[in-house]
Amino acid sequence: MKLSFFMMPMHNMNRDYHTTLQEDIEAVKLADELGFAEFFMGEHYTCEIEQVSSPMMFLAFIAKQTKNIKLGTGVLPLPLYHPVMAASHIALLDHLTEGRLILGVGTGALGSDFEAFGMVEANRPEMMMESLDILQQIWSTNAPYDIKGKYWNVQLKDNMWPDLGVGSLPKTYQQPHPPLALSVSSPNSHSMRVAAQRDMMPISANFVASWVVKTHWDTYVDEMTKLGKKPDGSLWRVARSIFVADTDAAAEAYVKTPGGAYDWYYDYMFTVYERLGAPGLLAPFPDTPVETITHEMVRDNFVIYGSPETVARKILEFREEVGPFGTLMLTAHDWTDKAVMRKSMELLANEVLPMVNAALAEAPLQLTA
């Protein structure tokens, strides 16, 4: 199993923007030093707590401050970009990172972002797929272009001076393009079928219960079987909130501290889902009555916490339950106590992961269905 690192990012209300950005940078550099295989950064515009408006800009900045960690967009909301702009920016970033880029794409998530862009009623899933098709056509062919779509047209044929290099769009460093990833969250998500159809790496979100994550793998296996392909769990990334301390008692106390990094996060997410009229999407179990769900219940069921030994056991049990994911994606939380949060990452990388991989080596769960 490999470790990955995902930032929405997510910071408590009223924290200084510059300070939280420096915190994010420090956390990514630590992940690289600890041997994390990947890092993904989200994209949001209109929310104070997760205001990184350009993961591509952030990744370009962090690329020269890290050595080995792969750098992913988590995700790039393609409906917000003209395909020519997206294709060119992605190609540039792939070269700046020297092939460390993973292109995670999606439809976007914040209603306030959609409102600001005038896209509340837009068919964003359809737009995303059209954009992806256009991107791949731009990267795999040369101008002249006369691509006609439902949402975008790309024409480049009348203003071309090949002898001066005018009329060309850049290609990516990785060929035919960077690895593609797709995030999924809802039960039995259709996005898992899209990932299977398009040979994309599926990423299951951290703010869903284990029973939902299991439906992701079951859906993926079903679609791959229909396509005559062999499901490969090594391509599947699963995000979780994880906290490791020296003892179980210390970990539990920290996770359950009112207003702390984990308690605040799930209180916030629960409030968001309540206002959307969808608290049932956070149900810890399929039969949990919606009216009984609390943020504490969600927090205690969604966070994997404990001593290194306990967390290793819980990760193995979780994987046995949901399916053979190959990469565990740590979700970033606010560094309300920097030393404690740094130590948690260090314990996860240096003690928990070796125990997990030792156990998998002795009795491996098959990566293929």
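The values are calculated or read from the model by the stated rules, or taken from the named source; none is laboratory data. Predicted model only: the values in this text are computed from it and were never measured. Methodologically, a virtual Cβ is constructed for each residue, glycine included, from the backbone with ideal geometry; neighbour enumeration extends over all protein chains shown.
Have a look at LEU316, LEU281 and point out the one that is out of contact with any Lys or Arg (no Cβ under 8 Å at 6 or more places or on another chain), at pLDDT below 95 and not charged (D, E, K, R).
Sole residue among the options that is out of contact with any Lys or Arg (no Cβ under 8 Å at 6 or more places or on another chain), at pLDDT below 95 and not charged (D, E, K, R): LEU281.
Conditions: (1) more than 19 Å from the chain's Cα centre (by Cα); (2) closer than 24 Å to ALA31 by Cα. VAL303 meets all but one. Number of the miss?
(1)
For (1) assigned to a helix (DSSP H, G or I); (2) at pLDDT 95 or above; (3) farther than 25 Å from GLY42 by Cα, each residue gets a yes or a no:
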site	(1), (2), (3)
GLU320	yes, yes, yes
PHE325	no, yes, no
HIS333	no, yes, no
ARG342	yes, yes, no
MET345	yes, yes, no
ALA349	yes, yes, no
PRO354	yes, yes, yes
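For LYS64, are the conditions met, namely being without any contact (Cβ under 8 Å) to a residue 60 or more places away in the chain and surrounded by fewer than 17 Cβ atoms within 10 Å (Cβ to Cβ)?
Here the answer is yes, as LYS64 does meet what is asked.
Consider only pairs whose beta carbons are under 8 Å apart and that are at least six residues apart or on different chains; among these, list those whose first residue lies in the range 130-158 and is farther than 17 Å from ALA91 by Cβ and whose second residue is among the basic types (Lys, Arg) and modelled with pLDDT of 95 or more.
That search, which allows pairs on different chains as well, returns GLU130/LYS150; PRO144/LYS157; ASP146/LYS157.
Exactly one of these conditions fails for ALA245: (1) under 21 Å from the mean Cα position of the chain (by Cα); (2) touching a residue at least 60 places away in the same chain (Cβ under 8 Å). Give me its number.
(1)
Identify the residue in the range 71-94 that is in a helix (DSSP H, G or I) and under 19 Å from the mean Cα position of the chain (by Cα) and, among all such residues, is nearest to HIS44 (Cα to Cα).
For the range 71-94, the residue satisfying everything is LEU80.
Return the only residue of PRO144, PRO187 being more than 19 Å from PRO284 (Cβ to Cβ) and not aromatic (Phe, Trp, Tyr).
Only one candidate qualifies: PRO144.
How about the range 145-201: which strands (runs of 3 or more DSSP E) wholly inside it have at least 3 residues that are touching a helix residue (DSSP H, G or I) at 6+ places or on another chain (Cβ under 8 Å)?
Fully inside the range 145-201 and qualifying: 180-184.
For the range 95-118, indicate whether the set of residues that are among the aliphatic types (A, V, I, L, M) and assigned to a loop (DSSP other than H, G, I, E, B) is non-empty.
Within the range 95-118, one or more residues are among the aliphatic types (A, V, I, L, M) and assigned to a loop (DSSP other than H, G, I, E, B).
Within the range 282-318, work out how many residues are touching a residue at least 24 places away in the same chain (Cβ under 8 Å) and not in a loop (DSSP other than H, G, I, E, B).
Qualifying residue count, the range 282-318: 20.
How many residues does the range 217-240 hold that are surrounded by fewer than 19 Cβ atoms within 10 Å (Cβ to Cβ), more than 16 Å from LEU180 (Cβ to Cβ) and among the hydroxyl-bearing types (Ser, Thr, Tyr)?
The total comes to 1.
When the range 1-22 is examined, which residues are found to be buried (at least 20 other Cβ atoms within 10 Å of the Cβ) and in a helix (DSSP H, G or I)?
Passing the criteria: only THR20.
Under 9 Å by Cβ, and 6 or more places apart or on different chains, what pairs join a residue from the range 95-108 that is under 24 Å from SER189 (Cβ atoms) and crowded, with 17+ Cβ neighbours inside 10 Å with one that is at pLDDT 95 or above and acidic (Asp, Glu)?
Pairs that qualify, where the first residue is under 24 Å from SER189 (Cβ atoms) and crowded, with 17+ Cβ neighbours inside 10 Å and the partner is at pLDDT 95 or above and acidic (Asp, Glu), are ILE102/GLU38; LEU103/ASP94; GLY106/GLU43; GLY108/GLU43.
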